[in-house]
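Scroll down for the structure; my scribbles are underneath it.
FYI, it's all coordinate maths here, none of it is from the lab. Just so it is clear, the structure is predicted and the values come from calculations on it, not from any experiment. Note: ideal-geometry Cβ built from the backbone for every residue, glycine included; neighbour counts use all protein chains shown.
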Amino acid sequence: MTRTWFFFGAALVFLSVVLAIVPARGNHEDPPSVPDETNRTIRVRGRVAYLGNDPHSFLAINLFEPLDGNGTFRLYGPLVDVLARNQQQDTVTLLIKITRESPGPGFPPEAEVLEIVSPDE
Amino acid sequence: MRALLRLLTITAVAVLFVSCEMVQDLLGTSSDDASGGGSDPNDATFSSSLYRLEGVYEGVSTVTADLGASPRDVYYVFSNLSGSRVNVGDAITESYVLWGPNDRVQAIGQHFSPSAFPESRYTPAIRGLPPGRSQVVPQTVRESVGSDAVGASSVAWRALSSYSVGSTERLYTNLDGSKFVEATVRALSSDGTREVYIWVDDVIYNSEGLIDAAYEALADRFLKSGNDNDIYDWVTTIFGAPWGIHDSPVSLIPSESDDIHILLYDIEEGYAGYFWSKDNVASTYYGGSNERLMFYIDHTFFAAQDGPTWDISDSGPADMVSTLAHEFQHMINFYQREILRDPDNYFRVDTWINEMSSMVAEDLVADKLAIAGPADGRLGSYIIGAAEYRVTDRYPDGSNINVIVTYYALYYSFGAYLSRTYGSQLFTEIARQPIAAPAENIDGSSNGNGEIALRSAIEAVTGEAAPTLDELIRRWAIAMFVSDDPTATVPFSINESDGFISSQTNGTTYNLESIDLHGYWNDFSAAGFSYRGPLIFVYDQALVGLSDRGNAFFLARERGSNLFQEAVDIPDGVTLTVLSRESQ
């Protein structure tokens with residue numbers, strides 16, 4: 001009997017957690033906080049593409065897993081040209097250093113590409 | 001108790017299942033597409049009186065076509081859907097040889113004398129690209145950046161200011177405010193709700209022969225009283241409002257901003273105009289923000305005249321009128337997709353679909369403005385670029401002007417195909433799509449937000465599963481190739497015999513000019529030749545590399561009859577569509 005109640009309680013907790021999580025996916029009322037990540041070095045994986053309209057389009061990585069609420073990082077550095085010429089639309093893993101937080105809506109944070117981890121160059 | 005437990009378990013599983021479905025929906029990974037409605041969305045019926053579809057091949061194959069007794073030409077359409085550049089010519093048969101740029105003139109199947117065609121009406125201009133800048137270097141961020149709770153603009157929002165003809169102001173042309181022009185309002189127009197202000201750089205004013213009536217004509221084309229009679233009406237009907245509600249009252253210009261400001265100055269270096277979202281942001285964020293809904297037009301292009309007197313119907317000013325629609329789409333796109341529908345993630349729209357939408361905006365208003373649409377200047381470049389570049393790319397920074405022009409031609413050509421196939425409503429639906437987060441496919445590839453938006457929009461328009469982007473690109477090539485036959489049917493038809501393909505959005509009818517690619521030409525007079533129609537390669541002068549998502553046309557047999565057979569070894573990922581056409 002005790003075990004039955006234990007499972008019942010566990011199921012209730014599980015159910016409440018599930019019900020709490022599901023609607024949260026569509027909740028956009030609380031903008032994600034963006035901590036100061038400047039100069040943080042991190043390995044990210046995503047898709048490389050030019051974004052925005054010309055002439056202010058820029059090469060960026062769209063992350064498969066947003067980082068602290070940021071889905072896109074604008075890329076800088078000497079390796080950007082390599083990515084622009086050879087890896088547009090490709091899935092890549094990059095080692096980046098975050099150089100600037102997002103200045104506001106519509107403007108992604110910026111990062112220097114330190115290394116193209118994969119595919120190897 | 002066990003029954004209750006079972007009920008709870010079933011409920012939990014059901015909730016989990018539902019939530020998984022929701023996640024699938026959110027991620028766009030629902031398997032609905034695959035199951036379809038029983039029909040493969042990549043299947044399409046080809047029908048044309050001039051052309052016949054002889055087959056579609058992949059890998060090592062034997063092309064077979066019963067041409068009949070009457071002479072027919074056999075064409076190969078190669079579509080590289082492999083994900084990487086391939087060398088089609090090298091891989092087909094030994095009779096194909098490589099060619100380089102210097103051999104291009106010999107590679108052409110049809111030669112035309114340049115004198116047989118009219119002089120180039122106007123060199124296609126680039127929308128975007130202010131002078132001398134290959135990359136934007138943002139200013140140092142101020143302390144307030146990153147938080148909407150602090151850093152309110154220290155001045156009243158300029159977006160809400162009223163101006164009159166003669167008002168002067170310093171307008172910034174770069175991000176940190178170190179570049180600017182002193183400008184004066186030379187014309188304004190209103191539809192009763194909002195105004196458009198035409199600002200002119202004081203330095204250039206009066207220096208290029210224009211009088212204020214020219215600026216008034218430009219304002220009038222963009223906005224005037226009445227419905228369905230100006231660029232503002234026609235473009236917003238398709239793409240939506242350029243500004244409105246948002247949840248960043250400190251960092252972005254006010255929701256109620258609705259006046260449009262257009263600055264004419266010397267952008268230089270052949271560029272026609274641009275929109276820059278810096279102006280939608282408080283100047284506390286970017287010192288160079290003009291804090292208003294604004295775009296920029298090149299004064300020199302606008303002042304160009306075909307004859308002894310200037311008229312807004314001259315090719316230069318007409319192209320700038322067309323550019324208004326182009327840049328206005330960018331302005332709308334920024335708000336509708338990047339602010340309104342993506343307030344949190346700071347995703348941005350893929351450049352290719354953004355630029356394609358702007359080229360289509362020009363196309364949609366051309367008939368209404370009685371000006372030449374972008375087809376005139378763009379399709380000639382498409383002829384050359386179809387095999388060379390990937391439409392879903394953007395030219396790398398530092399590319400030369402010919403490459404840049406060719407990319408715009410590809411964006412236009414693909415957009416022209418899509419708008420003539422799915423109607424103007426397709427671009428309304430694209431503008432409504434949230435920016436999808438990329439998801440990695442099992443093979444390591446991923447789908448860009450441009451592709452996802454396009455396919456979702458097609459599904460919204462047709463109510464059916466959308467073809468893949470690769471299939472759309474293959475159909476685009478075929479439609480362009482057979483466009484000399486008005487009897488070709490959707491989804492391979494871009495040429496109607498009455499000259500226009502019409503569609504409606506929100507009660508407004510848009511007439512898109514029929515396209516016969518065989519009537520467009522690319523003037524390579526500098527290289528000693530001109531060429532009209534699709535670039536058709538022939539045996540012995542075969543194609544060099546074929547870009548991923550590139551398309552190339554070959555003449556495989558001229559005036560053939562009866563049984564045509566040829567062994568081909570098609571590179572992996574390349575699709576060969578075989579067409580035959582009555583010989584001329």
Response to the item:
Here the stretch A:41-46 yields Karplus 3J(HN,Hα) values (6.51, -1.76, 1.60; θ = phi - 60°; whole Hz; Gly and Pro given as x) of 9, 8, 9, 10, 10, x
Worksheet item: About the Cα centre of the stretch A:35-87, what is the dipole size in debye to 20, counting +1 per Lys and Arg Cβ and -1 per Asp and Glu Cβ, all else neutral?
Response: 220 debye
Practice prompt. For B:Leu264, enumerate residues with amide H under 5 Å from its amide H, sequence gap 5+ or separate chain, H modeled in the peptide plane.
Written response: B:Trp199, B:Val200, B:Asp201, B:Ile297
Practice prompt. Using the Cα centre as the reference, give the magnitude of the dipole from point charges on the C-beta atoms of the stretch B:424-583 (Lys, Arg: +1; Asp, Glu: -1; all else neutral), rounded to the nearest 20 debye.
Written response: 180 debye
Worksheet item: Taking square-rooted eigenvalues a ≥ b ≥ c of the alpha carbon gyration tensor, is the stretch A:41-118 rounded, prolate or oblate, where a/c under 1.5 means rounded and, failing that, a/b exceeding b/c means prolate?
Response: rounded
Worksheet, complete the sentence: Partner lysines whose C-alpha sits under 19 Å from that of B:Lys179, ignoring same-chain residues fewer than 8 away, are B:Lys278
Worksheet item: For the residue pair A:Thr41 and B:Asn506, what label-to-label distance in nm results when each label sits 7 Å from Cα along the Cα-to-beta-carbon direction?
Response: 5.1 nm
Practice prompt. With +1 on each Lys and Arg Cβ and -1 on each Asp and Glu Cβ, and nothing else charged, work out how big the dipole of the stretch B:187-237 is about its Cα centre, in Debye to the nearest 20.
Written response: 120 debye
Practice prompt. Quick one: check the C-alpha center-to-center distance for the stretch A:41-67 versus the stretch B:309-356, whole angstrom.
Written response: 21 Å
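Please work out how much length the chain gains when fully extended from B:Ser190 to B:Thr309, using 0.36 nm per residue of separation minus the C-alpha to C-alpha distance, in nm with one decimal.
Details: separation 119, 0.36 × 119 = 42.84 nm, distance 2.75 nm.
This chain segment gains 40.1 nm when fully extended.
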Discussion item. If I model a spin label at B:Glu208 and B:Asp66 as a point 7 Å from the Cα along the Cα→Cβ vector, what separation in nanometres do I get?
Written reply: 6.3 nm
Item to complete: Using label points projected 7 Å from each Cα along Cα→Cβ, tell me how many nm separate B:Glu459 and B:Leu160, to one decimal.
Response: 4.2 nm
